[in-house]
Structure formats: C-alpha cells, structure tokens
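One structure is given here, and the rest of the page talks about it.
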Amino acid sequence: MWACFVTLETIVCHPDVNRKNTKTGTITSDRSSLPKSLQNSYVSAQSNYMLSLILLQYFYKLEVLYHASVQGTNDSSVVSKVSAATQGYFLDDFLRGFVCKVSRRAPLINRGYYVRWKAVDHCVKQFLRVTEGCTRRQVLSLGAGFDSLYFRLHAEGSLEKVVVFEVDFPDVAQRKAALINSSSHLREVLRDWDPQPHLPTGNTPARRGSQYCLLGVDVRVEKDVEAALSRAGLQWSAPTLLLSEVVLTYMDTHLSDGVIAWAARLFPHSLFVMYEQVRPHDPFGKVMQDHFLKLNSALNALSHYPDTAAQRQSAVTVDCYLCCIQGWGSCVCLDMNQFFLGLVSEKERRRVESLEPFDEFEEWHQKCSHYFILTASKGCLTSQGLIRAPSVSPVPCMSPTLSPQKHPVLPITGGPEGPHVEGLGMASAVLGPGVILLTGGSGRGGRGGADMVLIRGQAGWRCVCLESRTGVRMYHTLTAVPGWGCIVYGGRSSPLNPIGSVVRVTFDPTSLPDSSAPVSPVSECLSLTEMVCTGNGASSRWRHTANLLRYRGRTVAEPVLGDAHFLCVDNQHWTEVPVEGDPPEPRHSHSACGYGGGVVIFGGLSGGGVPLGDVVLLRPTDEGRPKIVHSFSTLRGGAEPLTSVMLEGHLYMYSHSAHVIGHKLVILGGVWLQAEGVPGLAVIDLTTGGSMEHCLDTSAVPWPLMLHSFCSELLDEEGAAVALIGGGGNCFSFGTHLNPKPVTLDVGLVL
C-alpha cells in the first residue's frame, strides 16, 4: 500500500505533469506530457492511491467500531454486577450510580458475577493485608470501566495510605466522571474531587482527588500510559496492585504481552491480578467465542493462551515472548471452580446458594471452568499477596487413562436433514425396536412443549411430535417396563415446583403406522394414565434415577437425597427401601443401571457441589423384606459379589448417561471439574474396576456438541450403537445452546 503512495508522489511531482496557472495560482496535472512509459504507471498509481485511502478509512471505522464494542462490554458488565449486588450476593451500594436502571439477571449470571467479584476482592484484601506497614500503597486498575473499587474500599475504611488510579479509554473515563459528578452519593465519598478534567501536556483527560485519580488513556500505548501516570503522581517504586478484569483478552496478543511486560519492568514491587477467560476449544468455549465475535469484540489472547498453564507462562515468563524482557517472579493461577470450592468458606457458599432458586449446576461449573484468577508478583513483599491454592484440593484429583483412538460421532440419518430434536432435561425410553419415546425437557420455547417419538424406518429416523400429555416437567425419569410401555416419574417445572405424579404410558406396537403413513395416528399407539399410588412414597423430586426403583435425587428443601423406594407397578404401591451398612453418599444427577440382579450407581453431584466418582452395586437381600444391601462389590466373571470391595474411582462426573453392556459400564458425556476438555466416552470394567476414557471425534457434527442434560438409548441388542439425544444449556451470558439433532456413536470397539 505504501509503495503506491511513493510511486504516485514521484509521478505527480514530475515537472512535466504539474503546471501552475500564473493567473489563478492553481496547479493542474497533465499526464500526456509524461513519457509513454510513465503514463500507464500514473493511472495505476492514482487508482492505488484512491484504493489506499478507502482502505485506510475502512480500517479506521473498524477500529472505532471495535473500541465501541469493547467499551460496550463494560456497560453490560456493570448492569450484571448491580443485579448481583441487589440480590444480596455482595455488598456494594455504589454500583447503582453507574447504571440508569436496575435490571434483574438470571441466577446463573448473578452467581457468575459474584464469583468474579469475590475472587478479585480476595486478591485486593490480600494485597492490602501484606502491605499494611508500608508508608504508601497504590492500586492501578487497567481498563477499569465503571468499577466501584475505590468507593467500596472507602466505605470499608480500607484506604489508609492507599491511592487508587484508574485507566480506561478517554470516552469511558469521561462518561464515568460525568456519572460521578451527577451522583451525590458518589460525590460525597470524593469530597476533594475536581469535577473539571485536567488536560496537561499529552491531552490525557484526568480527574483527581487526594486518593483517587481517573485517567482517560489507551492502555495499549505504553508511553502514553507511563507519561499520564507520572503526571498524576504515581510512585513507581511504591508497592502497587495492578488489576486487569477481562481487559487483556480483547487486545491482539503482542499488545497484551506488551502490557504485562511494561508492568513487570516499571513496577519493582507489585502484584498483578488478572481475571479472564480460558479453554476456548471445547463446546462451551466455542459458544463463548462466537458470542464475543458477534459483538465485534473477539477474545484475541484466548487462542494464544487457551489454558491456565499457558496463562501462567504468559505472566511468569513473558520475557520468552518479548526479547528477554524481565518478567514476573512468581505466579499462581486458579480457575473459578478451584477458587469457589477451595477458598470460599463453606458458610459463605451456603449463604450464596440460598439466595435464589437454582438448578443450573452444569452451566455454573462450566462457566467457572472457563474463567480464571491469576496473581503474579515482583518483589519479596508482594509475593506474600499471591493467591494461595488450598493445601488439600476440594476437587478430587483425576487423571483418566486416555485411549489414543478417537471415536466418531455422526448425526443420525433420516430424511433430507435428519430428525430435528432439541431440548435439555428430557427423558427417554425405548418402547420397542426402532421406537424411542421422549418426554418433557426445556427448549427454545421454554419448559414443556410436545412429547416426541423417534421412529426408525427404511429411510432412517423420523420424529413425530405429539401433544404433551405428561405435563410440564424436566429432569424426570422415563423407565421402560417390558411388555407394555414405561413409567414417567418426578421432575420439576421450576426449582420451586417439583412434581410427584406417576404416569403410566402403555404402548401398542401393532397400531404403529409404517413410514409411509400419516404421522397423526402415532398418538393412537400410546395411552397415558396417572397412577394413584399408595404406601410410603417419598417427597417429590428431580435429578433422580429410576430402574423400577427410585433412587436419590433432590427436592426444594434437600439439595441431595440418599433414600431409595420401590414401586410395585401391579398394585401401585410404594415401599421405602432401607440401605444396610455404610450407605453411599447422597447425590443427584447420577446414573443407575440394572446389573447383577441389582443396580449399579455411578457418579453424581454431592451436597457440597463436588462430582462423585464411586461405583456402587446395590442388591436386594434374600430375606423376605425388601431391603437393599450396599455391598461396595465388584462382580468377577458373574460370581457372587465380593463384599466390602470398593471399585476404585478414576472418574468424577455428573449429568452423564450410562449403560451396562456385558460386564462393562459405558459412560457417555457428563460434566467434570478436574481435567482439560470435556468427558466423552468412558468404560469401567465391573469385574476389575479399571477404567478407560475415550475421546470423541465430533468433526462430522456441525455444531458444538454439549453432552450434559441429555439422554441416550441403545439402538440394538448388542449395545454397539447408541443414540445421544438432546442436551445443551444456558451458557452463562453468552446465550442458550441446544444440540439440534440426535447423534449416534458406535461403542462396539471399546467393549
């Protein structure tokens, strides 16, 4: 592009081209007087010159649009922070001064912003504690936006010998200053605040108080930031806390690396605290990236530093990337699951969990696994302010044995594009060969909707939608009863409205129309009757399991349950079944499969919010009364169970699906907290206790495949083919993602 300018300038300045009118003083260009060898070059150069100007204007507009988009994330963020504060997640009476209207966000978003606030606040308090004896301390917030840190610290009486500097784009700083000026509540804290901007050399807008300085300057331009801070009175040698909350990720990597580098170089006694995204390549990460791309604020640094180990490398050894510039001496990085479960007290966690009805555990844990808090230090004093990982991890250590082979997942065949089935929290049951009933769940239209039947014909699978007769429910069970149909039990319409009804679904396969018949007669194959049951039935629940035996789950009052009940289908009578011995830990969102005359239970989420990894076999006793023996047993070659033998758990997960095929427990999908990536296909040998994790090849699936809150069914008697149906979730503030179509997986090779 620049060559075009040089060529054009040379030709235009040629004396034979430019001729001055002595009367008017104007200069005209006449390319006809040029040598023929230069005439074509003149035309080409002139065209390239105009193209260059157009491109420069285009890229300038893109830069302006990009700045506006990034600044727009600040506006959305502060609204969410206000929502969390209003609901009592944390105390902050000053944030309201930065929004026009208080809007209530979903509980998942409130929790997400709480854990962000809590992590940063934890680091700030730690810095202030270790520097308490210093004569001067500084906080430098990079890309501060509408953060209220100064006002909160003032209200808490924590500003002794502390000066707070905030840096952001000039437009953002100007807007923040205007909001402060218009709020008597904020102005009362800043009694010595100068409402008029100072424009010293360099034209950097600055508003100052004795302990607070707001600077409008682009963080990416090192010389401007350094000059502005020097003029504002920042002392480079004083202990300084540098804060960066979701700021560096929007920059090109060389610019964000540059910010980390100059901070390490200029502050000899400092603590760098960074809160950002991580893990962009799994399904949740892809939805997260797409969200920010649509907002024209791509997460640039995330692709270069995709995991917590790379983020530590970015901060600790930034000299490796920047010509051996001295980097940070020490670094600790925790994702938000590690922080929340390890560094937030149990009492505080219980308080937060009690604030709002909540049932989005999968999305909560995935959100927390995709954000991290990082602290890096320079100097002996500030190294004491590093965030400390708990001595004993609350998340069980897990290093699954990985198979080198990937197993392909394929969209299910049928019709031009295959059947369209989406929803989370649905339940499924095989009614007969090639017939799968789906009930309940939540889709784009909300909870409830139509029940569905998947039917396999000669042309593949098709989906028939039926008017819902099982009611609005999700996270319920649909248990197949050989010979006549299935039973629908439990679920919830909301976290405050569990369902206790039992519905009998009778299926008549003889009336099932063939693939060429109209779809409407399918409803004639099914009859639904609500069962009136007697006996000692348990409280209504959801996220339980049922294999003609209802087990565990959760209720409104109880986050996890540990009981078991037996339903005699013939006389419609409930019986509570006590568990002898040392009972398994209460849980929900686990799996339970029939095996060895009993039920094998795996995984689930504990009452403490930690995934479980035990494999437990429950079998009835030989006595006449209905009891279940908790045998912790492993079967060897079909022999009698060896009591008091516990299967060693190598996998800790929940919200998965499972099937027993032979003596193998096949586990599909789920949510875990300990390992990179997402669960795929795991196999536990019930005779040895050994396990193997297999990765899934989803390259043939043109959407992010989220395998939680889904259902699965075996498609043949051998159990080699499995259909994975539904699944997805609310991906924090990035939107809802639902798997649009069922997929199939061949598990025959791992058996």
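Structural remarks
- Test: T413 is more than 32 Å from the chain's Cα centre (by Cα) and either basic (K, R) or on the phi < 0 side of the Ramachandran plot (or both): no
- Unique residue being modelled with pLDDT under 90, open to solvent by 20 Å² or more (accessible area, probe 1.4 Å) and in a loop (DSSP other than H, G, I, E, B) when the list is P390, P404: P390
- Only listed residue being surrounded by 15 or more Cβ atoms within 10 Å (Cβ to Cβ) and under 30 Å from Q384 (Cβ atoms), chosen from R175, R136, R152: R152
- Any hit, region 722-743, residues being farther than 30 Å from L108 by Cα and open to solvent by 30 Å² or more (accessible area, probe 1.4 Å): no
- Of the residues L705, L715, the single one that is under 24 Å from T477 (Cα atoms), modelled with pLDDT of 90 or more, under 20 Å from the mean Cα position of the chain (by Cα) and open to solvent by 10 Å² or more (accessible area, probe 1.4 Å) is L705.
- Residue ID - surrounded by the fewest Cβ atoms within 10 Å (Cβ to Cβ), chosen from residues in region 262-297 that are assigned to a loop (DSSP other than H, G, I, E, B) and within 16 Å of the chain's Cα centre (by Cα): H281
- The listed residue being open to solvent by 10 Å² or more (accessible area, probe 1.4 Å) and either within 30 Å of V464 (Cα to Cα) or in contact (Cβ under 8 Å) with a residue 12 or more places away in the chain (or both), out of G379, G423, G385: G379
- Looking only at region 568-597, and only at residues there that are open to solvent by less than 30 Å² (accessible area, probe 1.4 Å) and touching a Ser or Thr at 6+ places or on another chain (Cβ under 8 Å), the one that is farthest from L651 (Cα to Cα): W574
- Among residues of region 345-380, those that are among the β-branched types (V, I, T) and either part of a strand (DSSP E or B) or within 11 Å of the chain's Cα centre (by Cα) (or both), counted: 2
- Enumeration of residues in region 238-261 that are open to solvent by less than 10 Å² (accessible area, probe 1.4 Å), part of a helix (DSSP H, G or I) and either of a type in the set (S, T, N, Q) or modelled with pLDDT of 90 or more (or both): T249, S256
- Residue satisfying all of: in region 155-165; assigned to a loop (DSSP other than H, G, I, E, B) and touching a helix residue (DSSP H, G or I) at 6+ places or on another chain (Cβ under 7 Å); nearest to P239 (Cα to Cα) among these: L159
- First in region 224-237 and in a helix (DSSP H, G or I), second anywhere and among the small types (G, A, S), Cβ under 8 Å, 6 or more apart: D224/G202; A227/G202; A228/G202; A228/A206; R231/G202; R231/A206; A232/A206
- Listed conditions (1) surrounded by fewer than 13 Cβ atoms within 10 Å (Cβ to Cβ); (2) at pLDDT 50 or above; (3) assigned to a loop (DSSP other than H, G, I, E, B) are all met by C324, apart from (2).
- Any hit, region 91-100, residues being more than 25 Å from V352 (Cβ to Cβ) and either at pLDDT 60 or above or out of contact with any helix residue (DSSP H, G or I) (no Cβ under 9 Å at 6 or more places or on another chain) (or both): yes
- Just so you know, in region 495-543 the residues that are out of contact with any Pro (no Cβ under 9 Å at 6 or more places or on another chain), assigned to a loop (DSSP other than H, G, I, E, B) and at pLDDT 90 or above include one that is surrounded by the fewest Cβ atoms within 10 Å (Cβ to Cβ), and it is I499.
- Set side by side, the residues G446, G432, G440 differ, and just one is open to solvent by less than 50 Å² (accessible area, probe 1.4 Å) and closer than 10 Å to M474 by Cα, which is G440.
- Meets criteria (out of contact with any Asp or Glu (no Cβ under 8 Å at 6 or more places or on another chain), surrounded by fewer than 16 Cβ atoms within 10 Å (Cβ to Cβ) and under 24 Å from G594 (Cα atoms)) for G483: yes
- Residues satisfying the stated conditions in region 107-154, i.e. part of a helix (DSSP H, G or I), of a type in the set (K, R) and within 16 Å of Y212 (Cβ to Cβ): R152
The values are calculated or read from the model by the stated rules, or taken from the named source; none is laboratory data. No experiment lies behind these values; they were computed from the predicted model shown. Reconstructed Cβ throughout: ideal geometry from the backbone, glycine too, with neighbour counts over all protein chains shown. These area figures cover heavy atoms from the full protein model, side chains too; ligands, DNA and RNA do not enter into them. Shrake-Rupley method; radii C 1.70, N 1.55, O 1.52, S 1.80 Å.
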